[in-house]
Every structure is written in structure tokens, then in C-alpha cells.
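The values are calculated or read from the model by the stated rules, or taken from the named source; none is laboratory data. All values derive from a computational prediction rather than experimental measurement. Here the Cβ positions follow ideal geometry from the backbone for every residue, glycine too, while neighbour counts run over all protein chains shown. With ligands, DNA and RNA removed, areas are computed over all heavy atoms of the protein, side chains included. Shrake-Rupley method; radii C 1.70, N 1.55, O 1.52, S 1.80 Å.
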Amino acid sequence: MKLFRAALLASALALPLAAGAAYAATPADALVIAQNIDDIVALDPAQAYEFSAGEINANLYDKLVQYDAADTTVLAPGLASEWVADEAAKTLTFTMRDGANFASGNPVRAEDVHFSFKRVVTLNLTPAFILTQLGWTPENIDEMVTVDGNKVVVKWSGDFASAFVLNVLAARPGAIVDEVLVREHEVDGDWGNAWLNTNSAGSGPFVLTDYRPAELVRLTANETYWNGAPAMKQVLIRHVAEAATQQLLLNSGDVDIAKNLTSDQVAGLSSDAVKVETYPQAAVHFLSFNQKTDELTDPAIWEAARYLVDYDGMTQTFLKGQMEKHQAFWPKGFPGSYDETPFTYDVEKAKQILADAGIETPINVTLDVINSTPFTDIAQSLQAGFSEAGINFDILPGTGAQVITKYRERTHQAMLLYWGPDFMDPHSNAKAFAYNSNNSDETYAATTTWRNAWAVPQEMNDEVTAALAEADQSKRNELYIDLQKKVQAESPIVIMFQAALQIAMGSNVDGYVNGSNSDFVYYRLVTKN
């Protein structure tokens, strides 16, 4: 442990030291964070789809419109200073902001917007569906996104309103990259993908200067940022998987922020040098059953499972302050949410459901889980509860990247994971939890339904489509509530909790922003006193 602490401190102090900085304290103009970042698969905004990657990219790239650090609840101008919608023609016309430059010094042009969108659609990597749902393809993108001087005209096909399109463009793959810089690093027609997974080409408040997988990420301030240079000259994110180690490093002053402490550890923090901030999150946590596993396809298994989760036991003990019971796919606190929680821990009822359906037990199931808190603790609670009804979980821990990759390949049996919306519209989660129009292995879809091989009933698919097209917002919300009731009642996805982040930090840290999901984590306004 001493060697680890010494190595971490040495890395932190490799940053430029402020005058008077003491040993075992971080530099005054640097933010040092302990965080589990082993879920990162990619950092190129055209490919990145993991939570930690989202946090990092939020500080490297701007979008035409965005939920900014100043107010993460308001969709505000970003690289576009203004826009005009034509609902009939299905177009949005954006006027580019004057004076905005990339960190390279290159000016941000309308052409960079066209290039950025085109590379996402052409590469067609994991998050590309967010943009392609607008009807964009490699063949038509030059007609759907056009440039006229300092203006960008965005077109879409499909029955949805401009407000939906704006939320889509504010999502992660809407990040605008520096075409000139990216083309300099293109190799064998990869659109700079390999280079952008270890470097950045954005106009955001920071620049990626070092990335070592499952070790560290280093960001350096963009001193010419159009919205004001950040006070922190560097941000160092160290991969620390163990919550106990994070707590030790925070208490000793070796890091400024510890992001993954357990509720017990948070409750035990008593030093005046440390404070805890709570941030409600949009992420929902769920247990799901892969329908490629024959033993898990009977709806009676799904129903019984809902009564084998000790919701209250977990949220009142080791999840206290970090999660609340929530059993629907759209998070509480947002328009269109369904907040009823009809299921409780009832082993006898679960047994009766299985018996009435003629389900023979025991059933042995492998359960994949990220090997860190609170996931391992949740898995152990599930293992204990389900065993009471003869469903035996064999817990398979792995890194975030390993577990997520296995999930995307549909090779799991049961999965314990969490899901955050790709953009702040209920369709984002409705498509993930209630839609699957093509269940074939050949057609990849970044949804929980496809990844669990659940062939969603056609009437539910149709309802998702209808909700997306509904112009009356109150009627639209009613449709999403109905969809949540149906998924809650009968699906192989058991939604259990909604997250609330408790983040511990030095009492001298101010201005840290953590919005409702990983794309709204900002270091730009951080100061230390």
C-alpha cells in the first residue's frame, strides 16, 4: 500500500507545483481524482459508449447545442450561437459561433460539423445509432447535413419534432472534432479512429494529454477555451478500483476526489478536510436474463425474479444514500416517469409462481457483474435471495470492459448492469427497454432488449414508435408511462434501482459539476481554496 500511495503521489506531483504546496497534498492548480475507470473501451467520440468515457469526453469536446456546466438542466447554445427550426421541412439551421477555436488553434468551422457527423455515420461504431435514427446514412449524409458559409443545415426523416433532434445532437456522438487535425492522423481510411482513442481533437475546456488503459487519464487545460479557461491547469484521473484505497487516498490528501466510495465509507468520513456531495442520477440498475438461455425464457421466471430482489434491504443498508428503489425504465424526476414500485421481496410468492408454472428447480445460472462496489455487493444479495427459491447464481466478476463486451456479444446468461439515457428524452430508454424489431444476431442494437435476445411483442414496438411521433407532450408522456408499466410487469429485465451519486472530495474543492448522467460531468468550473 505504501508503494502504491507513493507512486500515486509521485504522479500527482509530476504536475506543476503551486508555490507553497506541501507533501501529501495535491497541487493548487491540479485536480486529482481516484476513480474506477476500467470500463473504458474507447475514447473517440464516434466510438465511446461507456460511462467513464462519457465523463472524459464531456470535458474535451463541444457540440452545436449542449447541457453546459453552468446549468445541466438547460439545453444551451454551444458551438452554434443560434438556430432556427422548420418543422414542416424537417430542418434545423444553425449559425456557428464567432471566435471559437479548437485546442489546436484551428478555427471551428461549419465544415467541421459536417465532417464530424459524417465520420460517426460512416464509421458506424457503437453510438452511431443515436445519429442514424435521424435517417442519416453514409450514402445520404452529404444531403442531410449541408454547409452554407457559417451555417449548417441539418435535415432528418421520421416522425419526430425538432426538440427531439436537438437532444440527439446534444448527445455524445454529436461532439464536433477538428477535421484538419484528425485528417492528419488518419491511417488506412480509419477517419483518425485509432489516434482519437489516445488523443483528442476538440474545442472543449481540456485536452487529452495522457491515457493509459486501467491506469490513468490526464487532461490539460485549454487556455484558449471560448467559454473561459478552467482554473485547474491539469486533471489527473487515477484508476483505483478498490473503494477502501480511494478512501485512504482522500483522507491522506493524496487525491482531491474519490468517486466510488461505499455508503458505509461515506458515512464514516468525519474529517473537516473532507465533504460529501450527493448528485441524483438518471441511471437505472437492473438484472436481466438472456433469452438465448432456454431455462430463462419462461415468463414465470421473470415474474418470480421480481419478488426475489431485496429492494428495501439493500437500499436501507449498503446502498443507503447511493440508490433508491425504482422499478421502471425512465428515471424518477423527469417528465414521463412512472414511479410506482409494486414489487417487494417475497420468497413464498416467488416459489408459488414457479410452482404454478411447473418450473422445476434448482436452476443454475451464471451472473456477470462488474468487479467493484456496489455491484459485487448487489450480486451477493441477489445470490442469497434467489437461492431461497431454487435459482442459484454463480457470480462471474470481471472488469467493466469485460462485462460490457460480453453483454454486447449476447454471450451471458444473467447480467447485473446499469443504463443511462443516451440523451435526455424518454425515447432514449424506451428504445432500450421496450423495442426490438430485429432480434437476429447479425443486426447489432445498443439496447437491453437486443442484448438479452428478447423479441419484444410487435404491439410494444409499435407503441414506442407512436410515442416518438406524438406531438402532444402530455399524450406522449402517457404513452411512455404505459410502456413502463408493461416492461415492469412482464419482461426478462428486472429494474431495481435508480442511482444517486455520493462523491467525497476535499473541503477546499468547489465548482465540481455532476449532472444526471455521465455526459454531464464537468471540471471546467472547479476551483480549490
*Scan the range 389-422 residue by residue and report those that are of a type in the set (Gly, Ala, Ser) and either assigned to a helix (DSSP H, G or I) or over 18 Å from Asn36 (Cβ atoms) (or both).*
Ala389, Gly390, Gly400, Ala401, Ala414
*Which of the residues belonging to the range 331-374 are open to solvent by less than 20 Å² (accessible area, probe 1.4 Å) and either over 26 Å from the mean Cα position of the chain (by Cα) or at pLDDT 95 or above (or both)?*
Ala350, Leu354, Ile363, Val365, Leu367, Asp368, Val369, Ile370
_Filter result (open to solvent by 20 Å² or more (accessible area, probe 1.4 Å) and either part of a loop (DSSP other than H, G, I, E, B) or closer than 29 Å to Arg238 by Cβ (or both)) within the range 64-92_ = Tyr67, Asp68, Ala70, Asp71, Thr72, Thr73, Val74, Glu87, Ala88, Ala89, Lys90
_Residue satisfying all of: in the range 283-300; touching a strand residue (DSSP E or B) at 6+ places or on another chain (Cβ under 7 Å) and in a helix (DSSP H, G or I); surrounded by the fewest Cβ atoms within 10 Å (Cβ to Cβ) among these_ = Glu295
*asked:* Quick check on this structure: which one of Asp256, Asp264 is in contact with a Gly (Cβ under 8 Å, 6 or more places away or on another chain), of a type outside the set (Val, Ile, Thr) and touching a residue at least 12 places away in the same chain (Cβ under 8 Å)?
replied: Asp256
*Among the candidates Ala504, Ala499, Ala434, single out the residue that is in contact with a Leu (Cβ under 6 Å, 6 or more places away or on another chain), within 30 Å of Ile257 (Cα to Cα) and buried (at least 18 other Cβ atoms within 10 Å of the Cβ).*
Ala504
*Any chance you could count how many residues in the range 214-240 are in contact with a His (Cβ under 9 Å, 6 or more places away or on another chain) and either open to solvent by less than 30 Å² (accessible area, probe 1.4 Å) or at pLDDT 95 or above (or both)?*
3
_Can you report the number of residues in the range 171-193 which are within 24 Å of the chain's Cα centre (by Cα) and surrounded by fewer than 21 Cβ atoms within 10 Å (Cβ to Cβ)?_
1
*Confirm whether Ser116 is over 16 Å from Val154 (Cβ atoms), assigned to a helix (DSSP H, G or I), at pLDDT 95 or above and touching an Asp or Glu at 6+ places or on another chain (Cβ under 9 Å).*
no
*Could you check, for the range 479-488, whether at least one of its residues is open to solvent by 60 Å² or more (accessible area, probe 1.4 Å) and either assigned to a helix (DSSP H, G or I) or farther than 30 Å from Asp310 by Cβ (or both)?*
yes
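Restricting attention to the range 106-139, which residues are at positive phi and open to solvent by 50 Å² or more (accessible area, probe 1.4 Å)?
Step one: filter the range 106-139 for residues at positive phi, giving 124, 135.
Listed by number, the list holds a single entry, Asn124.
Out of curiosity, is Leu319 within 27 Å of Thr447 (Cβ to Cβ) and either open to solvent by less than 10 Å² (accessible area, probe 1.4 Å) or of a type in the set (Val, Ile, Thr) (or both)?
yes
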*Of the residues that make up the range 189-204, is at least one out of contact with any strand residue (DSSP E or B) (no Cβ under 8 Å at 6 or more places or on another chain), of a type outside the set (A, V, I, L, M, F, W, C) and not in a loop (DSSP other than H, G, I, E, B)?*
yes
*Hey, among Asp312, Asp264, which residue is assigned to a helix (DSSP H, G or I), open to solvent by 50 Å² or more (accessible area, probe 1.4 Å) and within 30 Å of Val487 (Cα to Cα)?*
Asp312
